[in-house]
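Below is one structure, written out as C-alpha cells, with a few remarks after it.
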Amino acid sequence: MARGDAPTSTVEEYLAALPPDAARALAQVRDEIVALVPDAGQRISYQVPCVTYRGRPLVSLSHATSHLSLHVQSPPLARVLADTVTEGRWSGATLHFTADAPLSRATLEQVVRGRIAEVDAALAARGR
C-alpha cells in the first residue's frame with residue numbers, strides 16, 4: 001500500500017492489503033525485528049507499520065510500487081550504517097529493498113541495536 005491509499009488501523013490490515021509477495025517479505029522483516037526488540041510494540045503511524053520500543057517509535061516499514069522500505073527514523077544512524085550495510089539501497093534514513101531480497105537478520109540486528117541505543121540514551125537523558 002503506497003502512501004495516500006485508504007489508511008488501515010492495524011499492522012495486519014496493512015499487510016493484508018499488499019500484494020502477496022510484498023506482504024510476505026514485509027511480514028518476514030517485521031517478525032525478525034520484533035524478535036530482536038525487547039517488549040516490542042506494533043502500531044500504525046503515519047499510515048505505515050511502526051515497531052516501537054519503550055513506547056517510542058523504533059523503525060517503520062512500508063510498501064511502494066517498486067520497492068519495500070525500512071525507515072530507520074534516525075538520519076545520523078543511517079549515515080553510519082550506510083558505510084557498513086551493503087544490501088538494499090539507502091535513500092536518506094530509509095533502506096529500500098525488494099520482496100525477492102528481504103533484509104537479512106544481520107542487517108536488521110545492526111539497525112535495531114543502533115536504534116535501541118538511541119532510544120535508551122534519549123530516555124536516560126530525560127531521567128526515564
*Find which of Thr52, Pro19, Ala124 sits farthest along the positive direction of the dipole of the chain, computed with +1 on the beta-carbon of Lys and Arg, -1 on that of Asp and Glu, about the Cα centre.*
Ala124
*Between Thr65 and Glu109, what is the FRET efficiency for a Förster distance of 25 Å, r being their Cβ-Cβ separation, to the nearest 0.05?*
0.30
*Taking only C-alpha pairs under 8 Å that are 6+ residues apart, what is the relative contact order of the chain in percent?*
23 percent
_Size of electric dipole in the chain: Cβ of Lys, Arg +1 and of Asp, Glu -1, about Cα centre, debye, nearest 20_ = 480 debye
*asked:* Suppose each label sits 7 Å from its Cα in the direction of the beta carbon; what would the Ala122-Arg43 distance come out to in nanometres?
replied: 1.3 nm
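Rule-based calculations on the coordinates, nothing more; no lab input. These numbers were taken from a predicted model, which means no experiment stands behind them. Neighbour counts run over all protein chains shown; Cβ positions are idealised from the backbone, glycine included.
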